[in-house]
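The values are calculated or read from the model by the stated rules, or taken from the named source; none is laboratory data. This one's a predicted model, so the numbers in the text were calculated from it and none came from an experiment. Here the Cβ positions follow ideal geometry from the backbone for every residue, glycine too, while neighbour counts run over all protein chains shown. These area figures cover heavy atoms from the full protein model, side chains too; ligands, DNA and RNA do not enter into them. Shrake-Rupley method; radii C 1.70, N 1.55, O 1.52, S 1.80 Å.
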Amino acid sequence: MAASVARAGCSEAAVAAALADVPELARLLEVDPYLKPFAADFQRRYKRFNETLNNIGENEGGIDKFSRGYESFGVHRCADGGLYCKEWAPGAEGVFLTGDFNDWNPFSYPYKKLDYGKWELYIPPKQTKSLLVPHGSKLKVVIRSKSGEILYRISPWAKYVTREGDNVNYDWIHWDPEHPYKFKHSRPKKPRSLRIYESHVGISSYEGKIASYKHFTCNVLPRIKDLGYNCIQMMAIMEHAYYASFGYQITSFFAASSRYGTPEELKELVDTAHSMGITVLLDVVHSHASKNSEDGLNMFDGTDSCYFHSGPRGNHDLWDSRLFAYSSWEVLRFLLSNIRWWLEEYGFDGFRFDGVTSMLYHHHGMGQAFSGDYHEYFGLQVDEDALIYLMLANYLVHTLYPDSITVAEDVSGMPALCSPISQGGVGFDYRLAMAIPDKWIQLLKEFKDEDWNMGNIVYTLTNRRYLEKCIAYAESHDQALVGDKTLAFWLMDAEMYTNMSVLTPFTPVIDRGIQLHKMIRLITHALGGEGYLNFMGNEFGHPEWLDFPRKGNNESYHYARRQFHLTDDDLLRYKFLNNFDRDMNKLEERCGWLSAPQAHVSEKHEGNKIIAFERAGLLFIFNFHPSKSYTDYRVGTTLPGKYPFCCCFTFKIVLDTDAAEYGGHQRLDHNTEFFSQPFKHNERPCSLLV
């Protein structure tokens, strides 16, 4: 009751004040008038963003300088051959540098204490002019805590860490190669339509081992290019001690994972992708951090705070991880510098921000259903410190590289998340349409084919905020993990092991599975958003699940791999799904439906199980009926005359799921021409018989 009274009190004067402070708020309220009662919230957020940006300008010389923390913090070789070191450890009583270079004497090189919890050290060069700390040597920061405890730590700014042999913890390796990788290719232009291939380097081989950056560059990038994807989203790149965390328990934020190779090999991967015209996004994890202290950020200075909130607020109970204190000046420096590091050092073209829902709310999304009531997105439950950080991060990314792309993983539906900062929004380019894969899994698990609701499918695929772009996907890595099933496995299950040979007749299960696999992907691609995402291997119905080596499976790599060779075998039906995915992407490249206005759905017939819609000059027709085909079926359209159309039930001109090359039954004559007539049907001025 109190909340509703407060909102009702958002006077015209308050709205006018908000419009005066937020340059383009009027546009946001024009698009969505229901946000008007929350104008003061947008005003407050925008003012806090501006105040923080101005404070950075006054105290640090601007966000450009502020976001270059990696140039001074950590360990750096000076022009004179000496070494400059800097750390932020506000809870420390003393800080020292040790390593191979001084025979691991823990106290011979003490840091000097500066203001605001910072410490610095300069070690003059050797008289012999040889490197004081050679490339590849091991280092540690030694912390003397206020209780007198001596702690050996890896610098939060370490650029390379690795684990040797059977060691439990990672070692910090000084990375300063004599001949660092030089980029040869420029960044590709921002794609008109975004088609993302979600990728994990370690599982990219069919062999039961961790694959390398080199393997991915030589073997997987050409496949991605051939499939028609113009963007890859790289998972599990930021260093994580626990492989089975899928890269979501970060221990070293500035280090590229060493389990796949060296930093220079990752740079070569990105550069090679750029040479193919492929945009490369990093799956960045700034929502939380690993609890590891020996080789992570946790307890770096001997306290439970430093980079994190102290006490219960600093712990994520579900993820068993630490939560950043986004209001801290040095935490902002650390995270914004981390964003810039991956853009400039490795050439990434943007980010998919993980765990945005957890960041946006003090409840972290736990136990929340998110009904869509706007009161859920405003008020005391919102963590505005984190929200302001996300605004700053988006501002930095798009200021440095205007063609960069940012994607938010948010399940809550926060309004204006993908609206410009000038409108009071958070500034992301896209958000993930996370309800779509849940809908497909629900249909396959809980409903018979004849009970699928066409209207509900269309609603799920089109239920998105106007002018806030979405990345649609039928399934991602989440559905591939052990404990869940991919769409292919829900559809075909055990028969994938026995009936995928072209030498054996279609069984009803395999026939249904292959046809629905294509239809689900196409309707998601064409109707579900302004971008499309696929997790590696799922495009061809990769058999089995994904399970990383762990104690529960005897540290096996058997399920931590991708069997791309299955698509190369002409005797297996996986090639049909692979061919369809490729041609679907290439048709989108030609016609551009992802960058076109949202589709107009003219039919969602429950009895006939037909869905028809128009987008980008194409007519899409889907027949989801499990047993009926139709002839002379009238479909509405806006275009008169000959009509090049894409359908998905039995016949098409530009794409046909029933074509032989896609494992179909070849029931359609592709030479047929269909003519629309000025005959109104389903509220469309014209129609045609198909």
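A few comments on the model shown:
- Degrees between helix 508-527 axis and first principal axis of the chain (Cα, 0 to 90, nearest 10): 70
- Summarising the label geometry, the points placed 7 Å from Cα in the beta-carbon direction at Asn54 and Ser108 lie 5.2 nm from one another.
- Were the residues from Glu93 through Asp568 laid out at 0.36 nm apart, the gain over their Cα-Cα distance would be 164.9 nm.
- Treating r as the C-beta distance of Tyr497 and Asn453 and R0 as 41 Å, the FRET efficiency rounds to 0.80.
- Residues of the chain: accessible area per residue with a 1.4 Å probe, Å²: 39
- Going through [x] 45; [y] 51; [z] 62, the figure that equals percent of Cα pairs over 36 Å apart as computed for the structure here is [x].
- DSSP beta bridges in the chain [antiparallel fraction, %, rounded to 5]: 65
- The helix-based estimate of mean residue ellipticity at 222 nm for the chain, built from -39,500 (n - 2.57) per DSSP H run of four or more residues and divided by its residue count, is -8000 deg cm²/dmol to the nearest 500.
- Inter-centroid distance (Cα atoms) of the stretch 545-588 relative to the stretch 26-61, Å: 45
- For Cys78, the residues whose amide H sits under 5 Å from its own are Leu83, Tyr84, ignoring neighbours fewer than 5 places away on the same chain, with H placed 1.01 Å from N.
- Charges were assigned to the Cβ only: +1 to each Lys and Arg, -1 to each Asp and Glu. The resulting dipole of the chain about its Cα centre is roughly 800 debye.
- Packing here is the average count of other Cβ atoms within 10 Å per residue, and on that basis the peptides 452-461, 100-109, 289-298, highest first, run 289-298, 452-461, 100-109.
- As a length-normalised measure over Cα pairs under 8 Å and 6 or more apart, the relative contact order of the chain settles at 10 percent.
- When you restrict to C-alpha pairs under 8 Å that are six or more residues apart and normalise by the size of the stretch 571-636, the relative contact order lands at 21 percent.
- Averaged over residues, the count of other Cβ atoms within 10 Å places the peptides 198-206, 16-24 in the sequence 198-206, 16-24, highest first.
- Additional length obtainable on full extension of the chain from Glu555 to Thr504, 0.36 nm per residue less Cα span: 14.8 nm
- Among 336-346, 557-567, 174-184, the order from most to least packed when residues are scored by Cβ within 10 Å on average: 336-346, 557-567, 174-184
- The charge dipole of the stretch 600-689, taken about the Cα centre with unit charges on the Cβ atoms of Lys, Arg (+1) and Asp, Glu (-1), comes to about 220 debye, rounded to the nearest 20.
- Acute angle (nearest 10 degrees) that the helix 39-60 long axis makes with the longest principal axis of the chain, alpha-carbon atoms: 40
- Glu606 paired with Lys129, simple spin-label distance in nm, labels 7 Å along Cα-to-beta-carbon: 8.5
- Charge dipole of the chain about the Cα centre (unit charges at C-beta), most positive-ward option of Thr498, Val284, His179: His179
- Charge-dipole axis of the chain as Lys and Arg at +1 and Asp and Glu at -1 on Cβ define it, positive-most pick from Leu29, Ala659, His565: Leu29
- Cβ-Cβ distance of Leu400 and Glu24, R₀ of 25 Å, FRET efficiency by 1/(1 + (r/R0)^6): the value works out to about 0.70.
- Selected from Ser204, Gly529, Phe253, residue furthest toward positive end of dipole (the chain; charges at beta carbon): Gly529
- In the chain, the longest principal axis of the Cα atoms and the axis of helix 574-591 are about 90 degrees apart.
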